[in-house]
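Q: Okay, here's the structure, questions in a sec.
No value in this document is a laboratory result; all are computed from the given coordinates. Computed from a prediction, not measured in an experiment: that's the story for all the values here. Cβ sites come from the backbone with ideal geometry, for glycine too, and all protein chains shown count toward neighbours.
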Amino acid sequence: MQRRQFLGMTAGALAAGFAAHVPLLNATASAASAQGTLDAAAFTSARRFVRTRFGNIAVVERGRGEAALFLHGFPLNGYQWRGALERLAPYRRCIAPDFLGLGYTEVAPGQSMAPDAQVAMLAELLDRLSVDRVDLIANDSGGQAAQLFLATYPERVRSILLTNCDSEIECPPPALAPVIKLAREGQFVAQWLAPWLADKALARSADGLGGQTFTRPAELDDAAIEMYLGPLVRNAERTNAFAIALDRNWLEGIGARLKASAAPARIVWGTGDTIFSDAGARHLDGSFGHSRGVRRIEGARLFFPEEFPDLIAEEARRLWGEA
């Protein structure tokens with residue numbers, strides 16, 4: 001299996017005319033760079049661990065007041081949200097945990113890393129942090145967990161902001177099939193993640209994590225690659241187990257519970273994503289009882305929330321009534 005196939009088998013190819021939209025994205029990034037963003041050293045220093053029955057959950061927090069819970073994608077961790085945390089800390093107590101099996105969370109022996117266990121972990125984590133209700137912000141597999149959390153604990157969710165992620169019609173997306181296959185063979189980390197960690201230029205290339213999931217992969221720096229892939233390569237068995245646990249439609253039958261939710265929902269969708277199709281955005285828009293529509297970001301790829309934190313902050317503040 002070629003690495004170019006990593007998360008690249010869906011029909012959502014780059015939107016036609018992507019180049020025409022690059023100035024818009026560049027302007028967004030320039031605005032973001034003018035504001036503070038935690039670097040890898042500062043983020044690491046801010047990380048603490050919350051003891052739960054699921055393990056010691058790695059968490060970074062900024063701000064105070066009503067809480068917002070940021071749920072990252074795969075194979076990333078809470079570092080994905082560093083820019084958004086700084087921008088939204090004046091308005092919320094921003095909480096960015098690492099999922100079981102990803103990032104720096106220390107998983108308890110024998111603990112499942114399936115999505116239902118992730119949701120139960122999040123609920124206990126919030127209890128430990130004395131948080132009753134949250135605004136959810138999520139990307140990629142974190143969006144799957146966000147929907148499951150809302151369906152399981154509707155009373156704990158004030159609002160939900162989803163970027164490109166699973167929906168009931170794409171869970172898991174077809175693009176994940178080669179990842180799951182290699183993980184079952186115990187080879188996902190060895191064949192893809194370890195080479196990317198060892199060769200940062202490869203990680204940024206068209207065959208790497210950056211080229212396949214970031215809008216401007218050249219700006220994915222070495223520190224971010226180390227932050228994301230280092231713990232996954234060091235815990236290869238755990239990482240493969242996380243991927244294997246995604247091999248079923250965890251969102252099947254969730255529609256009625258999403259429709260019944262009173263939480264306002266907003267979808268922000270990158271059109272350059274090759275993992276999740278625009279059909280998923282349309283499905284999510286129709287799934288929530290109080291959807292506030294879809295905003296499409298032309299040419300943006302799967303992990304655009306990391307690249308354009310001002311955009312995420314703008315949408316979150318509007319959804320929260322803080323704009």
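Q: Using only alpha carbon positions, build the gyration tensor of segment 142-225, then give the equivalent ellipsoid semi-axes as the square roots of 5 times its eigenvalues, largest first, whole angstrom.
A: 29, 18, 11
Q: Here is a further query. What value does segment 53-165 have for Rg/Rh, both radii from Cα atoms and Rh as Kirkwood defines it?
A: That ratio is 0.92, to two decimals.
Q: Report relative contact order for the chain in percent, whole number only (criteria: Cα-Cα under 8 Å, sequence separation at least 6).
A: Over the chain, the number comes to 24 percent.
Q: At a Förster distance of 25 Å, what's the computed FRET efficiency of residue 317 paired with residue 41, Cβ-Cβ distance as r, to 0.05?
A: For R0 = 25 Å, the calculated efficiency reads 0.35.
Q: Taking every DSSP beta bridge that has both residues in the chain, what percent is antiparallel when rounded to the nearest 5?
A: Looking only at bridges with both residues in the chain, the antiparallel portion is about 35 percent.
Q: Taking the Cα atoms of segment 3-320, what is the range of coordinates along each of the three principal axes, in descending order and whole Å?
A: Result for segment 3-320: principal-axis Cα extents of 48, 44, 40 Å.
Q: Could you tell me which trypsin sites (Lys or Arg not before Pro) in segment 55-99 are loop residues by DSSP with no more than 15 other beta carbons within 10 angstrom of their beta carbon?
A: Of the trypsin sites (Lys or Arg not before Pro), the ones in loops of segment 55-99 whose Cβ has at most 15 other Cβ atoms within 10 Å are 64.
Q: Tell me the trypsin sites (Lys or Arg not before Pro) within segment 229-265 that lie in a loop according to DSSP and have at most 16 other beta-carbon atoms within 10 Å.
A: Taking segment 229-265 and a limit of 16 other Cβ atoms within 10 Å, the loop trypsin sites (Lys or Arg not before Pro) found are 248.
Q: In what order do 94, 165, 171 fall by count of nearby beta-carbon atoms within 10 Å, going from fewest to most?
A: 171, 94, 165
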